[in-house]
1. Tell me the label-point distance for the pair LYS50, ASN68, using the 7 Å Cα-to-Cβ offset, in nm and rounded to one decimal.
2. Mind putting together the pair-distance distribution for region 25-140? All Cα pairs, 5 Å bins, whole percent per bin, short to long.
3. Below 8 Å between Cα atoms, with a sequence gap of 6+, how large is the relative contact order for region 61-141 in percent?
4. For region 72-141, what is the per residue volume of the convex hull drawn over the alpha-carbon atoms, in cubic angstrom?
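Each value in this text was obtained by applying a stated rule to the coordinates, not by laboratory testing. It should be emphasised that the depicted structure is a prediction, and the values quoted were computed from it without experimental measurement. Cβ placement follows ideal geometry from the backbone for every residue including glycine, while neighbour counts extend to all protein chains displayed.
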Amino acid sequence: MTRRILVLLIALALLGPVTAWAADYQVIVHSTNPTDSLTREQLGKMFLKKIPKWDTGTPVLPVDQLPNSSTRAAFTKIVHGKAVSAVASYWQQQIFAGRDVPPAEKAGDAAILAFVKANPGAIGYVSGEATIDGVKVLAIR
């Protein structure tokens, strides 16, 4: 019996952070996007513009929260495994080298939702408690 409890506690400890992550933000796309899920790696590559197109051929248009947003801090830490400042440094290097520019930034959930609703290739994230209407929430695996 004790062994079962230990195994259960270890399993809960490992699953706990996943539940917490899901509560920090929701990844959203345009309602017509046929994609239902992405891996965390794919998501990160989209926001670093290393995956430029959806499977349909539509350009990926990532949109970030503002740098001081707690939602962006959580998203960046979980998806990229880095602080917002580290990702900003990456983009400074990309700009300086003439390679690319960072994703658009919007102030708050309402602005992110409006951007995603208006752009079929858009992908963004909003806080975990945001009311989602007119967009699709993706599962991240």
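1. About 3.1 nm separates the two model spin labels.
2. The distribution over region 25-140 is 2, 12, 24, 27, 21, 11, 3, 0, given as percents.
3. Details: 84 pairs, mean separation 30.8, N = 81.
Reported relative contact order: 38 percent.
4. Details: hull volume 8.1 nm³, N = 70.
It comes to 115 Å³ per residue, whole-number rounded.
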